[in-house]
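Note sheet for the following structure.
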């Protein structure tokens, strides 16, 4: 087991495949909780959820489409390997989220449970992807690009984006649903905040 002070090791192709696969499965499972309960989230996934509710297109289709412009930023900021892994991950997540309802439905789903389950599963899923130099693309990459170009911190960029997304959602959806959605976003970010360490998890 790699400790906090040990040297990171290279991941093999098999390591990356299983790590990214687990991350994608958990993320698609979390999105099933989210969308079944009629909740939303922040970042690119949040935009995709809102647009899917408004247009009737599936989350997977919308999520894949709106991520396309961000790959240029990913390539400029984080390199070809990260960009390719993100492209593959976004494509597979789009497919998985469309297939998930075929095998998993809920007769009853409390919004509190849905919010916590979403935040936990997607948070752990993203951690698995971070560990293997992958991501689900989107606005987070642009935030890093803005930070490099202007010095304005990426975290602040993401907070502003999320604030806008939830403000728009408050105009379109019941306030109770928006409140539960905020809880899910908080749980997700706490999972990542408490568990993500670049020096511990990212291989070189």
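Read the figures in this text as sums done on the coordinates, not as results from a lab. Just so we're clear, the structure is a prediction, and the values are computed from it rather than from any experiment. Here the Cβ is made from the backbone with ideal geometry for all residues, glycine too, and neighbour counts use every protein chain on show.
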Self-check item: Between 0 and 90°, nearest 10: helix 154-172 axis offset from the chain longest Cα axis
Solution: 10
Exercise. Counting helices only, and only those DSSP H runs with n ≥ 4, report the 222 nm mean residue ellipticity of the chain as the sum of -39,500 (n - 2.57) divided by its residues, in deg cm²/dmol to the nearest 500.
Key: -26000 deg cm²/dmol
Quiz item: What value does the chain have for Rg/Rh, both radii from Cα atoms and Rh as Kirkwood defines it?
Solution: 0.96
Self-check item: 12 Å reach of a label modelled at residue 110, 7 Å along Cα-to-Cβ, counting backbone N of the range 13-34
Solution: none
Practice problem: Could you bin all the Cα-Cα distances of the range 78-197 into 10 Å bins starting at 0 and give me the percent of pairs in each, rounded to whole numbers? | Solution: 12, 33, 41, 13, 1
Self-check item: Rg over Rh [alpha-carbon atoms, Kirkwood Rh] for the range 18-135
Solution: 0.97
Quiz item: If we count other beta carbons within 10 Å of each Cβ, what is the order of 70, 166, fewest first?
Solution: 166, 70
Self-check item: Cβ-based exposure ranking for 77, 131, in which fewest neighbours within 10 Å come first
Solution: 77, 131
Self-check item: Extension gain (nm, one decimal) between residue 12 and residue 84, 0.36 nm per residue minus Cα-Cα
Solution: 24.3 nm
Self-check item: the range 126-195 and the range 21-88: distance between their alpha carbon centers, rounded to Å
Solution: 12
